[in-house]
Amino acid sequence: MNRTKYITYMAMLLTLTIVLSIFESMLPSFTAIPGVKLGLANIVVMFTLFFIGRKYAFALNIAKGIFVLITRGAVAGILSLCGGMLSILVIIFLHSIFKERISYLLLSISGAIAHNIGQIMAVSVMLNAYAYMYLPVLIVSGVVMGSITGILLKTLLPVLSYPLKEANR
Amino acid sequence: MDKNVFFRNKDIIMIGIIIMIAIVLYFGIKPFIKEGEKAEILLDGKVIKTLDLSRDASYSPEGMEVVFEVKDGKARFVSSDCPDKICVNTGFIDKKGQTAVCLPNRLVLRIAGGDTDAVL
């Protein structure tokens, strides 16, 4: 893929990330517990991480963090960045240890749990130390939401990777 | 990274282990969560009223369309004139360190305990 196409492709993925996170904030939250979210935007971040490259995934996450920072304020932006960074780091870490012995589903779940833990750490530093109370709930939520986003990623893979295949032909 | 498979049967075991860890954590954390003794109401970060959780009461700050309530050792925002109602939707809180916040009115309802140590 040439440079122009790559930039366009990354812009498209970033747009997708942002649209998904806006879409998600429009959905009624189905639990009373703050922080239990689907994490639809993680689908795109994971796709980027698995099939395009690590530095692109980081770039995407930072860009998304900046977008949240501008639209929803500093606290939300920092939370988004901390969650996203820890999520990517954990996935990279697990993948480099287990290589092809770890399944995408487990990677997705680990990423979702890491995302939640990253946010809890940020919340407890910035707002109140009491946030750890939610840790067990957010681990279980990470398992459920990570499975859902993992399955969605598998389903959407042909569509998302179409431009990549097209370019390599 | 294309070599990975999407799902292996032993993933179920791993998921089981993760959920077990969460359950163990839940019961491990529980004893450390203390019930609060007092509810503090803060305006612009300053305590304007302290309510005892052992006594049922209701309170409305002067000049504001906001009502607080203490009932059965729990405190909550009963009503507020803010547009988003996040404070009211937080519901009852009773654990030390828990907060309900109304940003439009710059009000915070916070549960405080006997000692001021942060829990966990």
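The values are calculated or read from the model by the stated rules, or taken from the named source; none is laboratory data. Because the structure is a prediction, the values reported are computed rather than measured. Virtual Cβ from ideal backbone geometry, glycine too; neighbours counted across all protein chains shown.
Of note:
- Residue in region B:77-91 that is at negative phi, among the aliphatic types (A, V, I, L, M) and touching a residue at least 24 places away in the same chain (Cβ under 8 Å) present: no
- Of all residues making up region B:95-107, the number that are away from chain A (no Cβ under 11 Å), assigned to a strand (DSSP E or B) and touching a residue at least 60 places away in the same chain (Cβ under 8 Å): 1
- So A:Val125, is it more than 8 Å from chain B (Cβ to nearest Cβ), within 29 Å of A:Met12 (Cβ to Cβ) and among the aliphatic types (A, V, I, L, M): no
- Apart from one condition, A:Tyr9 fits all of (1) in contact (Cβ under 8 Å) with a residue 40 or more places away in the chain; (2) within 14 Å of chain B (Cβ to nearest Cβ); the exception is (2).
- Hits in region A:95-111 - residues which are within 11 Å of chain B (Cβ to nearest Cβ), under 17 Å from A:Ile139 (Cα atoms) and out of contact with any His (no Cβ under 8 Å at 6 or more places or on another chain): A:Leu105, A:Leu106, A:Ser108, A:Ile109, A:Ser110
- Among the residues of region A:76-92, the one identified as under 20 Å from B:Asp11 (Cα atoms) and more than 14 Å from chain B (Cβ to nearest Cβ) is A:Ser87.
- Region B:1-20 - residue that is more than 7 Å from chain A (Cβ to nearest Cβ) and not β-branched (Val, Ile, Thr) and, of those, nearest to A:His95 (Cα to Cα): B:Asp2
- Residue match in region A:63-80 (condition: more than 30 Å from B:Gly45 (Cβ to Cβ), modelled with pLDDT of 90 or more and touching a Gly at 6+ places or on another chain (Cβ under 8 Å)): yes
- Selection within region A:36-55 - over 16 Å from A:Val90 (Cα atoms), assigned to a helix (DSSP H, G or I) and either in contact with a Lys or Arg (Cβ under 8 Å, 6 or more places away or on another chain) or more than 13 Å from every other protein chain (Cβ to nearest Cβ) (or both): A:Ala41, A:Val44
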